[in-house]
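Every number here is computed from the coordinates shown, using simple stated rules; none is lab data. Keep in mind it's a predicted model, so treat the numbers as computed, not measured. Reconstructed Cβ throughout: ideal geometry from the backbone, glycine too, with neighbour counts over all protein chains shown.
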Amino acid sequence: MTNAQRITAQPRQLLGTSPGLALVDVAEPEICCGSAGIYNVVQPEPAERLGRRKADNLLVGRPEVIAAGYGGCIQQIRRHAGDADIPVVRPVELLDASCAATRVRPAELQPKAGYFIPVVAIPLTR
């Protein structure tokens, strides 16, 4: 949503005020992950470079969980951050865990087969 719709503040505000969640700022938050639409299919080399760059920037903050709302972003980030074994989930999953007053544990946030609901991307800008 950051690049296509220019929505940045609201998702961060929502997650930033949710109990048990702490947002971590990352370098180059405006950089796309390289999965926009079919970009990674029609431009695989640049998409590969963008995906690696985005994942590297996300991993610097040593997050327990990475959240993104677009399914393509989730898959691209998982692919490039895979060695770090950090779950990449939808923001609604983090909100659900927070509302249920549970501690967010990466092992509890593994993707469920066949589950896809596009929600909101967590923009990494303010």
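Some values worked out for this structure:
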| read-out | value |
| --- | --- |
| Placed amide H near Ala67: partners under 5 Å, 5+ positions off or other chain | Val89 |
| Cα gyration tensor category, rounded, prolate or oblate, for segment 28-67 with a/c compared to 1.5 | prolate |
| Charge tally in the Cβ shell below 13 Å around Ala27, where Lys, Arg are +1 and Asp, Glu are -1, Ala27 excluded | -2 |
| Protection-proxy order for peptides 66-72, 52-58, 16-22, each taking the mean of Cβ atoms within 10 Å per residue, highest first | 66-72, 52-58, 16-22 |
| Segment 4-59, dipole about Cα centre (Lys/Arg Cβ +1, Asp/Glu Cβ -1), debye to the nearest 20 | 100 debye |
| Charge tally in the Cβ shell below 13 Å around Gly61, where Lys, Arg are +1 and Asp, Glu are -1, Gly61 excluded | -2 |
